[in-house]
Structure formats: C-alpha cells, structure tokens
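A short write-up of the structure that comes next.
The values are calculated or read from the model by the stated rules, or taken from the named source; none is laboratory data. Please read all numbers here as calculations on a predicted model, not as lab measurements. Here the Cβ is made from the backbone with ideal geometry for all residues, glycine too, and neighbour counts use every protein chain on show. Calculation scope for accessible area: heavy atoms of the full protein, side chains included, ligands and nucleic acids excluded. Shrake-Rupley method; radii C 1.70, N 1.55, O 1.52, S 1.80 Å.
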Amino acid sequence: MIIEPLKNDSKVGIIGAGPAGTFFALHLMGMGAEKGLKFDITIFDSKIFTDIGARGCNMCAGAISNTLFNNLTKLGFEIPGDVLKDKVTGYVMHLKGETGVIDVDPSTPIYTVFRSAGPVFSMEKIRGFDQVLLDYAINEGVRFVNQRVKKIIPGSKEKISLIFGEDGKEWEGELLVGAFGVNSKIVENLEFGYKPPKCWSVCQTEIEVSEDFAAETIQNKIHIFGTDNPNIKYIAFTPKGKFITVTAIGKNVKRVDVEKSLKEDTIASYLPIKYTFKCHCHPRIPVTIARNPFSDRFVIIGDAAASRYLKNGIESAFFTGKWAAINSLHNGLSSEDFKMNYYNTCRSNFLYDNVYGKILFGIFDCFSKSNMISRININMIREEHKKSDDSKVLSSVFWHLFAGDAPYAHILHESLRWKLFLNIFKEFLRGNHAGRA
C-alpha cells in the first residue's frame, strides 16, 4: 500500500514525552520548516516530569555525551546551566583494589543531568532535563496532553487513531509515533508483529553526599568499579552535584546485590560512612534491537526500537527520532517505507555495531574478574596518565567504551591496530602485575 509522506498541516501524534518523542517533534518541525511545511503535533504522556521520584523519572543515569550536547545545540536547544549538574573531568577505573585515572579530553566533556525533579526525599526540587526539553518543544508549537493513552487503533490508508484519557477521547491523524520506551506496558498491546528488544533489568539508586565529599572524593569523575558479585558486570558512580547516581549493570540485578557490592572495601571507600538510598529503581535496558517496530502510519522510536548496547539511551533516542522524521517527510508512511528506510538505518547503525559492543564489554568483564589482568590494566593506565602525547591506548579504549562517544567497531579496531590485547597478554606472561604504585 502506498501512503504519501506528511504534508502541510498533517496531524501527528506522539506517545511519550521523554527525549525520543520530543526529539522527533523537533526534528520534524525543523525539517518541515525547510520545506515551508507546518504540522499539528500532539504529545501524549501521563507522566509529570516536575514530580520527584518515580512519577517524574525516566530511570536513566543521565549522562550527556559531548556528541549529543553539540547535536542538541545544532537542533536549537541549549541545556540551561542549572540543569547541568556536573561537568565530568574524567573516569576512574577501580579493578580488584587498584585504581587508575583517565582524564577527559577538554574538548569533549560529558555532562550529567537529572531526568526528573530529583530523587524521593530530596530537600529541593531540581530542574530536570526531560521537562526543560518538553517545555522547549511546547514553546516551538507542540501541544502536550497530560493523559494516558489507552488504545492504539491500527492505521488505514487514510488515518490512524488512538484512545486516551479517563473519558475515552479519540485522537485521529496521519501519523502516530511510539516513543514510550521499553519500560512502558503499552508494548504489550501492540498487534502488528512487533517484537520488543531483549532487556536486562539493572538497578539504580541515588545517594546524597555533602559538597565537601563530592569535591574531595568523587572529584567530578565517573567511577567504574569491578565487583566480586557474579550478578553485576560493573557499577558506575555518576556525579550530579550533591548526589551520586549508582548504576549496577547486569542481566537481573536486585537491590540486595547492590547493597552487598557497595560494602566491598574499594567501593565503600568512595561512599559516606552513613548513607541511604534516596530512591531506587530497576530500569530495563535493551541488549538487542526490536523487530518490526512499525506498521502503516505507525513507527516506534527510542530504546523500544533500537539503541546502543548498554550505552547512550538519550543519544539513541535523538537519532532514531531523526531517522523516523526523515522517512515520514521524504519517503512515506507505509509499513514498507518505514522498513526500507527508517528500520534499515537503525539496523545498519546499531545492530552490527552492538555485536562489537558485546565483544568489548565481554572482554572487560573477563579482565575485571582477573586479579592479575586487572593489575596489569591499572598499571598501564597509570603509565599512560604520565604521558602528554596521544599514545594513551588503553585509557582511550576505556574512555570511549564507557563514554559512548565512538562506535564500538572503531574502538575494537583501534584496540587491534595498536595491538592492545597482545600487549596485555605479553605483560600477563611476564608476570608484570605489581601491586599499588
């Protein structure tokens, strides 16, 4: 079935007011303006991002890569200074009791943000990234309906519609965009062959710290910890002003796993003596991409469609929103259009590169579980930290792997080009695994 692209005054509905939905709206408006087109765009979401805790939160560590920061500026959106909670100055790797520092390239900083108004029990409301982004889109002309979508009515050659709100109102338009994310239950009611991504259930919590503790101990750096817990691949501490976001990555991480790991000597030394979880959640993060995230006049974007392996959920939302907008404006709105143009673009950018990501994180997992190789890695990072040239190979690999600012294929290629793994193996054979320097 041939369905023409969006035209002037076309009605577009978006389910989900998080970054994916808002990015799509902004991309579509910008591209439409270049062609002299305007659209009637409505975003539906029952969530209120100005609420603290779970009601306003989209369950994310909240790191903004330098690439995303620059792309947002090009899109016309500049993140207000009070929304940026920290400017990350580097990574600290903690492996088997050893510590190595990787300084950030000053030209590619990472910023951290809260997605909502802050953790439960926090003393003050915080301006969150999602609300500020949504407000910007509203100011640009997007309509926001703060109600839950109950049902999606499949698209026809002419229209697609949905039912929303307690009184069952109907919205009808030319295009419907699913930006609801993998943590939404709405995916359970889709009937056109959509298969959501396979996901891990990770654990995340917020811990409040004093300003002195943050300055002296965390030092505006993201800390990556290996752990003895077999259920956890690694734990990340992300600084956010007076808070640390603790994220434990693994296939099915429970709160008790996190509590146990935080008592390990190395990790405990980077936490206040007495601390409490201000809130905690178990976000689902995709480890594959979806199958068939489209039908006639309907397309799914964001992590419910495709994203990078274990990284860059917000940035993946930016690009899937952009690619869906390009297809909707230039190619067409049929299932075949979305498959051939939008979905194939997602596959070419994420599916194959994520294979390399799994290899790299698998290697890191093996390294972090070995006392000897962990010490070799930390000693190499320490030696590289003394250098002023560009030969910081291992530091660069770790930086790009956890910052998510380079394709996994590129990271693996650079590792092989510089014979990184061979050099680590040589050090292993030499027994060069001295203790703390």
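Here are the numbers for the structure shown:
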item: Which numbered condition residue 430 fails, given (1) at pLDDT 80 or above; (2) among the charged types (D, E, K, R); (3) more than 14 Å from residue 360 (Cβ to Cβ); result: (1)
item: Answer from 82, 86 - the residue that is acidic (Asp, Glu) and open to solvent by less than 30 Å² (accessible area, probe 1.4 Å); result: 86
item: Candidate set: the range 365-395, residues that are of a type in the set (Asp, Glu) and part of a helix (DSSP H, G or I); chosen: the one most open to solvent (accessible area, probe 1.4 Å); result: 383
item: Of the criteria (1) under 27 Å from residue 6 (Cα atoms); (2) open to solvent by 30 Å² or more (accessible area, probe 1.4 Å); (3) at pLDDT below 95, which one residue 130 fails; result: (2)
item: Every residue from the range 255-289 that is β-branched (Val, Ile, Thr) and in contact with a Phe, Trp or Tyr (Cβ under 6 Å, 6 or more places away or on another chain); result: 267, 285, 287, 289
item: Residue match in the range 403-420 (condition: open to solvent by 70 Å² or more (accessible area, probe 1.4 Å), free of Cβ contacts under 8 Å to residues at least 60 places away in the same chain, more than 22 Å from residue 223 (Cα to Cα) and part of a loop (DSSP other than H, G, I, E, B)); result: yes
item: Tally, over the range 269-295, of residues that are open to solvent by less than 20 Å² (accessible area, probe 1.4 Å) and without any contact (Cβ under 8 Å) to a residue 12 or more places away in the chain; result: 0
item: The range 153-177 residues that are within 21 Å of residue 187 (Cβ to Cβ), paired with ones that are of a type in the set (Asp, Glu) and surrounded by fewer than 12 Cβ atoms within 10 Å (Cβ to Cβ) (beta carbon under 7 Å, 6 or more apart); result: 161/170; 163/170
item: Lone unmet requirement of (1) under 25 Å from the mean Cα position of the chain (by Cα); (2) more than 27 Å from residue 366 (Cβ to Cβ) for residue 153; result: (1)
item: Given (1) out of contact with any Asp or Glu (no Cβ under 6 Å at 6 or more places or on another chain); (2) open to solvent by less than 60 Å² (accessible area, probe 1.4 Å), index of the condition residue 157 fails; result: (2)
item: Residue that is farthest from the chain's Cα centre (by Cα) [pool: residues in the range 231-246 that are under 22 Å from residue 403 (Cα atoms) and assigned to a loop (DSSP other than H, G, I, E, B)]; result: 242
item: Count of the range 223-232 residues which are open to solvent by 10 Å² or more (accessible area, probe 1.4 Å) and under 17 Å from residue 91 (Cα atoms); result: 1
item: Pick from the range 89-104, criterion assigned to a strand (DSSP E or B) and more than 21 Å from residue 209 (Cβ to Cβ), ranking: most open to solvent (accessible area, probe 1.4 Å); result: 103
item: Whichever residue in the range 323-361 is open to solvent by 70 Å² or more (accessible area, probe 1.4 Å) and charged (D, E, K, R) and, among such residues, is farthest from residue 412 (Cα to Cα); result: 336
item: Residues of the range 1-30 satisfying the condition of being open to solvent by 30 Å² or more (accessible area, probe 1.4 Å) and assigned to a helix (DSSP H, G or I); result: 29, 30
item: Residue selected from the range 299-312 under the condition under 14 Å from residue 349 (Cα atoms) and of a type in the set (Gly, Ala, Ser), by the criterion surrounded by the fewest Cβ atoms within 10 Å (Cβ to Cβ); result: 306
item: Which numbered condition residue 107 fails, given (1) among the small types (Gly, Ala, Ser); (2) open to solvent by less than 60 Å² (accessible area, probe 1.4 Å); (3) part of a loop (DSSP other than H, G, I, E, B); result: (2)
item: Residue among 186, 207 that alone is of a type outside the set (Gly, Ala, Ser), under 24 Å from the mean Cα position of the chain (by Cα) and within 30 Å of residue 401 (Cβ to Cβ); result: 207
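Residue-by-condition table, conditions (1) in contact (Cβ under 8 Å) with a residue 24 or more places away in the chain; (2) surrounded by fewer than 23 Cβ atoms within 10 Å (Cβ to Cβ); (3) hydrophobic (A, V, I, L, M, F, W, C):
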| position | (1), (2), (3) |
| --- | --- |
| 297 | yes, no, no |
| 314 | yes, no, yes |
| 320 | yes, no, no |
| 363 | yes, yes, yes |
